[in-house]
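J.: This is the structure, below, for whatever I ask next.
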Amino acid sequence: MRKMFDEHLKEFFEKYDCHRWRKNYLWNEHCDYVFKRYMPAIKKIYEKYCGRFALPGAPKYMSSEEFFDLIDKIGVVSDDFGQREILPIFNCSMMTQIDELDSD
C-alpha cells in the first residue's frame, strides 16, 4: 500500500492541500461573520433533521436518509443536481479525523 501511494498517488495528493484552502478561503473575517450570523438558523435546521436513528440517550447525528430528506425539502434536486450527487456530498461532509483543526 505504501509503495502504491509513494509511486502513484503522492504527487496527485500533494496538489490539493486542504489546510492551505482553509487558511486562504475559510478562516477569514468574512466567513467568520457569515457563520456567526447564520449559525442559529443552521443549528435549528440540523436539529430538525437529525436524531431519528439515534438511540435514546445517545448523541444525535444526521444519517444519510435524514440528509436526503433535508435536501429534498429545500428543493435543490433538479436535472443538473440529482439524487446520485447527494450521497457523495454527505460522505465528504463526515469528519475523518478526531480533531481536524489541530492534527495533520
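The values are calculated or read from the model by the stated rules, or taken from the named source; none is laboratory data. The structure presented is a predicted model; accordingly, all values stated were derived computationally and were not measured. Cβ coordinates were reconstructed from backbone atoms using ideal geometry, including for glycine residues, and neighbour counts include every protein chain displayed. Side chains included, ligands, DNA and RNA excluded: accessible areas come from the protein's heavy atoms. Shrake-Rupley method; radii C 1.70, N 1.55, O 1.52, S 1.80 Å.
J.: Which helices, taking whole DSSP H runs in the chain, have alpha carbons extending 27 angstrom or more along the helix axis plus mean Kyte-Doolittle at least -1.0?
T.: 29-49
J.: Tell me, in nm to one decimal, what length is gained between ILE42 and ASP72 on full extension, where the rule is 0.36 nm per residue of separation less the Cα-Cα distance?
T.: Net length gain for the segment: 9.1 nm.
J.: Give me the one-decimal nm value for the distance between modelled label points at ALA54 and ILE89, 7 Å along each residue's Cα-to-Cβ direction.
T.: Between ALA54 and ILE89, the label points sit 2.3 nm apart.
J.: Here's something else I'd like to know. How large a share of the accessible area of the stretch 1-81, in percent, is made up of carbon and sulfur atoms when the probe is 1.4 Å and the other protein chains stay in place?
T.: Summing carbon and sulfur atoms, their accessible area is 58 percent of the total for the stretch 1-81.
J.: Would you work out the charge dipole size for the chain about its Cα centre, treating the Cβ of every Lys and Arg as +1 and the Cβ of every Asp and Glu as -1, and quote it to the nearest 20 debye?
T.: Computed about the Cα centre, the dipole is about 360 debye.
J.: Can you check what the net charge comes to around GLU85, using other residues whose Cβ is under 14 Å from the Cβ of GLU85 (Lys, Arg +1; Asp, Glu -1)?
T.: Within the 14 Å Cβ shell, the charges total -2.
J.: Still on this structure, I have one more. Tell me, what does the Kirkwood hydrodynamic radius of the chain come to in angstroms if you use every pair of distinct C-alpha atoms?
T.: The Cα-based Kirkwood calculation yields 17.1 Å.
J.: Among the listed pairs LYS10/LYS48; LYS10/LYS60; LYS23/LYS43; LYS10/LYS43, which are separated by more than 31 Å between their Cα atoms?
T.: LYS10/LYS48; LYS10/LYS60; LYS10/LYS43
J.: Under the 0.36 nm per residue contour assumption, what length would be gained going from the current alpha-carbon distance of CYS31 and HIS19 to full extension?
T.: Once the chain is fully extended between CYS31 and HIS19, it gains 2.8 nm.
J.: With r defined as the distance between the Cβ atoms of HIS8 and ASP80 and R0 fixed at 41 Å, what FRET efficiency is calculated, to the nearest 0.05?
T.: 0.80
J.: Another question, then. So with the 1.4 Å probe, I'd like the accessible area per residue for the stretch 31-78, rounded to whole Å².
T.: Value for the stretch 31-78: 79 Å² per residue.
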